[in-house]
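Reviewing the structure listed below.
The values are calculated or read from the model by the stated rules, or taken from the named source; none is laboratory data. Because the structure is predicted, anything quoted here is derived from the model rather than measured. Note: ideal-geometry Cβ built from the backbone for every residue, glycine included; neighbour counts use all protein chains shown. All accessible areas refer to the heavy atoms of the entire protein, side chains included, with ligands and DNA or RNA removed. Shrake-Rupley method; radii C 1.70, N 1.55, O 1.52, S 1.80 Å.
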Amino acid sequence: MMTNSHRLPHGPAAALAQALDQLRERRLALAARAKWRAELESYTTEPEIDDLLAALDRYHGAEAEEMRSILHRNLMQARRLAG
């Protein structure tokens with residue numbers, strides 16, 4: 001027999017709590033993404049960038065593609081500065 005103490009919360013309060021949890025998770029994910037973007041942008045020499053691109057060859061998905069895009073931009077900039 002299920003008692004009231006075993007029920008999941010429902011109603012407006014539960015919806016608000018769920019929305020706040022989702023917002024918190026999204027903020028954490030955005031902060032983590034901003035951190036790795038900044039870290040990737042700090043790689044500016046061709047050897048550094050080539051090493052990271054080689055490591056990314058094993059990974060697929062939207063994040064890996066975004067990382068490659070940042071690194072390719074860095075690589076083009078490094079080549080412009082070098083030549």
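For this structure, a couple of remarks:
- In degrees, nearest ten, helix 62-82 long axis to first principal axis of the chain (Cα): 30 degrees
- In a reduced charge model with +1 at each Lys and Arg Cβ and -1 at each Asp and Glu Cβ, the chain shows a dipole moment near 420 debye about its Cα centre.
- Net +/- balance of residues flanking Arg80 in space, Cβ distance below 12 Å, scoring K and R +1, D and E -1: +1
- Cβ-defined net charge surrounding Arg37, 12 Å radius [Lys, Arg +1; Asp, Glu -1]: -1
- The order of Leu81, Leu40 by accessible area, most exposed first and with a 1.4 Å probe, is Leu81, Leu40.
- Furthest towards positive pole of dipole, Leu53, Ala14, Leu28, structure part the chain, Cβ charges: Ala14
- Summarising the label geometry, the points placed 7 Å from Cα in the beta-carbon direction at Glu48 and His60 lie 3.1 nm from one another.
- Over the residues of the chain, the helix contribution to mean residue ellipticity at 222 nm works out to -26000 deg cm²/dmol, using -39500 (n - 2.57) for each DSSP H run of at least 4.
- Take the Cβ atoms of Arg79 and Glu25, set R0 to 35 Å, and the FRET efficiency comes out at 0.35.
- With viscosity 1.567 mPa s and temperature 4 °C, the Kirkwood radius over alpha carbon pairs of segment 21-74 converts through Stokes-Einstein to a diffusion coefficient of 108 µm²/s.
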